[in-house]
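J.: Sharing a structure, written as structure tokens. Questions coming.
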Amino acid sequence: MDKFLVVRYGEIALKQGNRKLFEKTLVNNIKRQLGSSTVERIRGRIIVSVPSERLKAATEVASRTFGIQNFSVGTWTSYDLEDIYRTSVDLAHEEIMRGRRTFKVETRRLDKRFPLKSIELNPLVGERILEKIPETSVDLHNPDFKIEIEIRDEGVLVSCGKTTASGGLPVGVSGRAMLMLSGGIDSPVAGWLAQKRGLDLDAIHFSSPPYTGEKAFDKVLSLARTLSLYNGGREFRMYSVHFTEAQIAIHKHVEERYSLLCQRRLMMRIASKIAENNGIVAIVTGENLGQVASQTLENLRVIEEQTGLIVLRPLVTYDKIETIELAKRIGTFDISILPYEDCCTVFVPSNPATKARLFDINRVEAGLDFEDLGARALDKSRMYRLKNGEVLEVGVIGVPQEDS
Ligand code: ATP
Ligand code: MG
């Protein structure tokens with residue numbers, strides 16, 4: 001029996017106008033992760049076929065690929081009743097092996113030429129399963145598993161073991177965004193939420209060696225690798241900006257209570273410059289409201305003043321507990337809580353301004369050359385190309401200078 005994944009995509013089906021684009025993007029995102037020969041579309045479903053030893057890996061890919069609502073393991077059979085029975089019993093048997101007991105049979109008859117109605121076929125298949133596997137029983141209301149039979153033009157599709165996937169929209173349908181990625185808990189989750197809404201993500205991280213160590217950097221790279229698993233098999237770039245000199249200059253020049261904001265402003269400026277050079281129009285941050293004293297509307301406004309791009313803050317409505325739960329689910333939490341410091345914690349002021357005014361910021365920043373600090377930071381910076389959890393290549397960041 002040749003088994004494959006039957007992939008269903010809920011939200012996409014609702015968006016009439018863009019449906020074609022969404023389906024095409026989802027199919028391509030699956031191909032990018034599992035190979036181009038694996039995917040076939042039938043009406044309302046995507047069939048993903050891989051060699052049996054790769055089926056488990058394929059279910060992992062399907063679980064994390066945005067745009068997929070749920071999937072099950074399935075196989076084709078002929079219209080012959082005996083064939084349908086045998087296949088259903090085989091699939092039910094596997095569920096029993098996984099510790100499930102009660103079942104229900106559900107048939108959809110898309111091809112009305114088939115002689116039996118759905119409600120006629122269901123009990124026939126059910127009886128056969130009960131006969132061959134006596135330890136099962138039928139539960140029509142709350143079964144442990146369902147055997148789903150679809151009578152189609154192409155043949156009969158029998159599937160079972162539905163697994164809920166990540167939902168959302170296929171990465172790429174909403175455009176591209178740049179995530180400001182720290183080593184903390186919040187920003188990776190913010191990035192994942194942006195990917196969930198169909199944004200193809202790159203990330204930028206600012207570090208200050210030697211104040212921040214190699215381990216702190218490895219931690220961020222690990223977070224980036226994890227996020228790259230959710231990027232629909234598309235390249236995920238991480239720009240790693242060498243921020244030491246800029247941070248020291250700010251530290252020396254700016255009143256302590258404003259120094260953190262001033263750093264954030266410069267980060268925002270550098271991030272948007274790289275974003276713009278790459279045709280990216282949105283910045284994503286892990287900022288929240290009120291979670292720390294410095295995250296006030298006033299401060300967010302002052303940081304945002306350094307960019308003309310759209311700033312998305314997916315976590316703004318989240319409690320910390322909700323963010324932590326999500327971080328655990330997506331596999332970033334254990335990395336984020338590793339103890340290594342990121343650059344901001346090294347120079348953090350003891351009493352940061354909580355309601356900064358642009359007027360004051362401009363006053364304390366007067367005489368600092370952001371353009372020059374930014375250009376020099378970029379000179380020493382690196383770009384990591386990642387894909388599907390792996391680092392493919394490390395290169396320099398090419399940003400055209402202002403006057404060139
Ligand atoms: P996180 O858990 O993501 O660090 P946080 O709640 O600790 O967030 P802050 O440390 O104040 O809040 O950072 C706010 C946001 O600024 C981060 O979510 C991230 O988007 C961005 N940011 C902070 N530090 C860096 C950094 N070193 N490099 C890139 N972005 C950063
Ligand atoms: Mg932080």
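J.: When a/c reaches 1.5 or more, the comparison of a/b and b/c decides; with that in mind, is the range 91-169 rounded, prolate or oblate per its Cα gyration tensor?
T.: Details: a/c = 2.06, a/b = 1.13, b/c = 1.82.
Taking the square roots of the gyration eigenvalues as a ≥ b ≥ c, the range 91-169 is oblate.
J.: Taking 60 Å as R0, compute the FRET efficiency from the Cβ-Cβ separation of residue 98 and residue 379 and round it to 0.05.
T.: Efficiency, from the Cβ-Cβ distance: 0.60.
J.: Taking a quarter of the surface of the convex hull around the Cα atoms of the range 138-248, what do you get in nm²?
T.: Here the figure is 11.1 nm², rounded to one decimal.
J.: Amide H of residue 283: which non-local residues (sequence gap of 5 or more, or other chain) have their own amide H closer than 5 Å, using H built in the peptide plane?
T.: 178, 310, 311, 312
J.: Pick from 359, 333, 22: which is most flexible by mean-square fluctuation in a GNM of the chain where alpha carbon atoms under 10 Å apart are linked?
T.: 359
J.: Label the range 249-404 by shape, choosing from rounded, prolate and oblate, from the square roots a ≥ b ≥ c of the eigenvalues of the Cα gyration tensor; if a/c is under 1.5 it is rounded, and otherwise prolate applies when a/b is larger than b/c, oblate when it is not.
T.: It is oblate, given that a/c is not under 1.5 and a/b is not larger than b/c.
J.: Further question: Which one, 298, 135, 23, has the greatest fluctuation when you compute a Gaussian network model over the chain with C-alpha springs under 10 angstrom?
T.: Maximum among the listed residues: 135.
J.: Can you give the convex hull volume of the alpha carbon atoms of the chain per residue, in Å³?
T.: Per-residue hull volume (Cα only) is 162 Å³.
J.: Let me ask something else about it. Kindly identify the range 195-291 as rounded, prolate or oblate by the Cα gyration tensor criterion: order the square roots of the eigenvalues as a ≥ b ≥ c, call it rounded if a/c is under 1.5, otherwise compare a/b with b/c, prolate if a/b is larger, else oblate.
T.: Here the range 195-291 falls in the prolate category.
J.: State the dimensionless ratio Rg/Rh of the range 173-223 (Rg: radius of gyration of Cα atoms; Rh: Kirkwood radius).
T.: Rounded to two decimals, Rg/Rh equals 1.05.
J.: Starting from 0.36 nm per residue, how many nanometres of slack lie between residue 63 and residue 350 once their C-alpha separation is accounted for?
T.: Working: separation 287, 0.36 × 287 = 103.32 nm, distance 4.35 nm.
99.0 nm is the gain from fully extending residue 63 to residue 350.
J.: What nm distance separates the two modelled labels at residue 357 and residue 120, each placed 7 Å from Cα along Cα→Cβ?
T.: That separation, rounded to one decimal, is 8.2 nm.
J.: Then there's this: What is the percent carbon and sulfur in the accessible area of the chain, measuring with a 1.4 Å probe over the protein chains and ignoring ligands? Write down the numbers at each step before the final one.
T.: Values: 9390 of 18880 Å².
For the chain, the apolar C and S fraction of the accessible surface comes to 50 percent.
J.: What 222 nm value per residue comes from the helices of the chain, counting each DSSP H run with n ≥ 4 as -39,500 (n - 2.57) and dividing by all residues, nearest 500 deg cm²/dmol?
T.: Roughly -12500 deg cm²/dmol at 222 nm, from the helical runs in the chain.
J.: At 1.4 Å probe radius, can you tell me the per residue accessible area of the chain in Å²?
T.: Per-residue accessible area for the chain comes out at 47 Å².
J.: Taking only complete DSSP H runs, can you tell me which helices of the chain stretch 30 Å or more along their own long axis by Cα positions and average at least -1.0 on the Kyte-Doolittle scale?
T.: Helix filter hits for the chain: 256-277.
J.: Compute the FRET efficiency between residue 79 and residue 164 as 1/(1 + (r/R0)^6), taking r as their Cβ-Cβ distance and R0 = 30 Å, and round to the nearest 0.05. Spell out each step's value before the answer.
T.: On the way: r = 30 Å, r/R0 = 1.01.
That pair, residue 79 with residue 164, gives E of 0.50.
J.: Just how far, in whole angstrom, is the range 368-385 from the range 179-211 if you go by their alpha carbon centroids?
T.: Each part reduced to its Cα centre gives a spacing of 18 Å.
J.: Another question, then. Counting only protein chains, not ligands or nucleic acids, how are 141, 253 ordered by accessible area (probe 1.4 Å), most first?
T.: The most accessible residue leads, giving 141, 253.
J.: Between residue 112 and residue 329, what length comes free when the chain is fully extended (0.36 nm per residue of separation minus the Cα-Cα distance, one decimal in nm)?
T.: 73.8 nm
J.: With θ set to phi - 60°, apply the Karplus curve 6.51 cos²θ - 1.76 cosθ + 1.60 along the range 137-146 and write out the HN-Hα couplings as whole Hz, x wherever there is a Gly or Pro.
T.: Karplus values, whole Hz, x for Gly and Pro: 8, 8, 9, 6, 9, 9, x, 5, 8, 10.
J.: So for the pair residue 392, residue 153, with labels modelled 7 Å out along Cα→Cβ, what separation do we get in nm?
T.: 3.7 nm
J.: So, R0 is 51 Å and r is the distance between the beta-carbons of residue 140 and residue 281; what FRET efficiency does that work out to, to 0.05?
T.: 0.50
J.: Amide H neighbours of residue 107 under 5 Å, counting only residues 5+ apart in sequence or on other chains, H built in-plane at 1.01 Å?
T.: For residue 107, the qualifying residues are 149.
The values are calculated or read from the model by the stated rules, or taken from the named source; none is laboratory data. As the structure is a prediction and not an experimental result, all values here were calculated from the model. For neighbour counting, all protein chains shown are included, and Cβ atoms are generated from backbone atoms with ideal geometry for every residue, glycine included. Calculation scope for accessible area: heavy atoms of the full protein, side chains included, ligands and nucleic acids excluded. Shrake-Rupley method; radii C 1.70, N 1.55, O 1.52, S 1.80 Å.
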